[in-house]
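Data block below; observations after.
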Amino acid sequence: MTIPEQLQQKVRILLDSQIQGVLATQHDRQPYTSLMAFAVTPDLHWIVFATYRATRKHANLLANPRVSLLIDNRANESIDYHDAVAISAQGTVSEVDGVRRVELLQLYLGKHPELKDFVTAADCVLLKLEVESYYVVSQFQNVVELRMTWNPSDFRSESADETFGCCDGC
């Protein structure tokens, strides 16, 4: 298995094991965070979540669809400095509609069946984050970037930070 494949597997395992993340939006250069239930597509390119239209986060997304979603496996213990992994997914959010909505709604409900009434409500919007990069932080300070658009020039390694393009037909 190549290093990018290993990194993709690490991202997949963490995203599959967690049910919530922290979404960061902004309004007038002021950050705003929200705890969100999410699901990820098998190829890791899309993260799906939902919100009511009449929320601050939805207004923020309409004004600026660029976001970051933090997902981690911390236990709130001192061992986290060594063992916890945090992933920041960065990209652009848009509303899910058409045929893709049925597919992504099934994905979301497969992970969160208890949220069916919420996500199917008339005033709830299903959203997708098109992930451009995952920043994977482990052992407190080891940061690696997984870009979801592959370009040979993306494949670089530095002493503290590493960047890898994704594979499998990106």
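Worth a mention:
- First in segment 90-101 and within 21 Å of Thr149 (Cβ to Cβ), second anywhere and among the acidic types (Asp, Glu), Cβ under 6 Å, 6 or more apart: Gln90/Glu132; Gly91/Glu130; Gly91/Glu132; Thr92/Glu130
- Selection count where residues are assigned to a loop (DSSP other than H, G, I, E, B) and either touching a residue at least 12 places away in the same chain (Cβ under 8 Å) or in contact with a helix residue (DSSP H, G or I) (Cβ under 7 Å, 6 or more places away or on another chain) (or both), scope segment 121-142: 5
- Criterion applied to Leu62, Leu115, Leu129 was being modelled with pLDDT of 95 or more and crowded, with 17+ Cβ neighbours inside 10 Å, and the one residue passing it is Leu129.
- Residue that is surrounded by the fewest Cβ atoms within 10 Å (Cβ to Cβ), among those in segment 96-112 that are among the aliphatic types (A, V, I, L, M) and in a helix (DSSP H, G or I): Val99
- Note on segment 1-30: residues that are under 17 Å from the mean Cα position of the chain (by Cα) and either small (Gly, Ala, Ser) or not in a helix (DSSP H, G or I) (or both) total 10.
- In the set (1) over 26 Å from Val144 (Cα atoms); (2) surrounded by 14 or more Cβ atoms within 10 Å (Cβ to Cβ); (3) of a type in the set (S, T, N, Q), Asn73 fails one condition alone, (1).
- Any hit, segment 38-46, residues being modelled with pLDDT of 95 or more, of a type in the set (A, V, I, L, M, F, W, C) and more than 19 Å from Arg147 (Cβ to Cβ): yes
The values are calculated or read from the model by the stated rules, or taken from the named source; none is laboratory data. Model, not experiment: these values are computed from the prediction. All Cβ positions, even for glycine, are placed from backbone atoms using ideal geometry, and neighbour counts span all protein chains on display.
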